[in-house]
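Values quoted throughout were computed directly from the atomic coordinates according to the rules given, and no laboratory measurement underlies them. Predicted, not measured: the structure shown is a model, and the values here were computed from it. All Cβ positions, glycine included, derive from the backbone under ideal geometry; neighbour counts span all protein chains shown.
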Amino acid sequence: MKSRTIARRLIAMVPMLLLVALMIFSITYLVPGDAAATIAGDGASVEDIARIRRELGLDRSFIVQFTSWLGDLFRGDLGTSLTTGRSVWNVIWNRAPVSLSLGISGMIVGIVLGTTLGVIAGTKVRSVRDRAAIVAASFGVAMPNFWLGLLLVTVFAVNLGWFPATGYVGPTENFGEFIRHLVLPAVALGCATAAEISRQTRASLAQTLELDYVRTARMKGLPRRLVVGKHALKNAASPVVTTIGLQATVLLGGTVIVERVFGIAGLGTSAIEAVSARDIPLIQGIVLVTTLSAILVNLAVDLVQMYLNPKVTMS
């Protein structure tokens, strides 16, 4: 039954992906400027710009361009970057692991810190630690990640020298330096996520602990740690998982800012450079990859929800 549900969901994604592709292709027409003029450079003649426009197919109608682009997409060809002359897939393949490392590390920080604070607060509602957790979550939500990133750099990189301020080192080059370079960006990226997860965990766990079956477990004399860990947390996890899925898509946008603050050359940096240069194929490729990532995250959330609650079916 679950396999059928998953298959139906995957089939339903096809028209959605076509709509997404149309939207991505259409949005690029809102990018200001002329890609042909940008490539031709300053002082180019009208004839040169017109020639480049013909070579790129920019003089054709929207329908013809979209059909051609969609056909190339089905063949696995995202085109060639107008500014670098490299394959868009090549650019994404080189930059995506950097952004993926940053996003995963930020999510780990958010989940570990958020669930820990949420459990601490949810098991003792209206206590001092509960109020402290609420205040910490409020600060996390209100604090912009770029401001937090600059603060972390000032304190832990410039003043204390514990971590590097900028740059990125791949895990295959030096794993220790890879971790050191990710600590500050991950914290800057994950604090807002931790705040949202902690608030949802607190509310869900506090509500679950008031249910009859939990009270019965307490009356039987089971240790509080066992009651919370074995009986309450699994039922309280469903809305938390949904929040984690939503925050994962938010992190896709947050990496753009954090990459700029810490001088990390990831997909976010490539996206900003592509928009500045009116590099339409690269913009389309990056947006398409990030959109597909968000769709896959939502699918993964649905699968986890089905595991936590077998009665849940994916619509």
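How would region 153-200 be classified by its alpha-carbon gyration tensor: rounded, prolate or oblate, with rounded meaning a/c under 1.5 and the a/b versus b/c comparison settling the rest? Oblate.
The loop-placed trypsin sites (Lys or Arg not before Pro) in region 53-113, going by DSSP, that have at most 13 neighbouring Cβ atoms within 10 Å of their Cβ come out as R75, R86. Given a cut-off of 28 Å, what percent of all Cα-Cα pairs of region 96-308 lie beyond it? Taking all Cα-Cα pairs of region 96-308, the fraction more than 28 Å apart is 38 percent. Sequence-ordered 3J(HN,Hα) estimates for region 289-297 from the Karplus curve with 6.51, -1.76 and 1.60 and θ = phi - 60° stand at 5, 5, 5, 4, 4, 5, 5, 5, 5 Hz, glycine and proline given as x. The residue among S81, T115, A132 whose Cα reaches farthest toward the positive pole of the charge dipole of region 69-134, with charges on the beta-carbon of Lys, Arg, Asp and Glu, is A132. For region 129-136, putting each phi into the Karplus relation 6.51 cos²θ - 1.76 cosθ + 1.60 with θ = phi - 60° gives couplings of 5, 5, 5, 5, 5, 5, 5, 4 Hz, in residue order, rounded to whole numbers and with x for Gly and Pro. Reported to the nearest whole Å, the Cα centre-to-centre distance from region 250-270 to region 159-196 is 13. For region 187-202, backbone phi angles converted through the Karplus equation (6.51, -1.76, 1.60; θ = phi - 60°) give residue-by-residue couplings of 5, 4, 7, x, 5, 5, 5, 4, 5, 5, 5, 5, 5, 5, 5, 4 Hz, Gly and Pro being listed as x.
Spacing of the modelled spin labels on V64 and T154, each 7 Å from Cα toward Cβ, amounts to 5.6 nm.
For chymotrypsin sites (Phe, Trp or Tyr not before Pro), the sites in region 159-190 that DSSP calls loop and that have at most 13 other Cβ atoms within 10 Å are W162.
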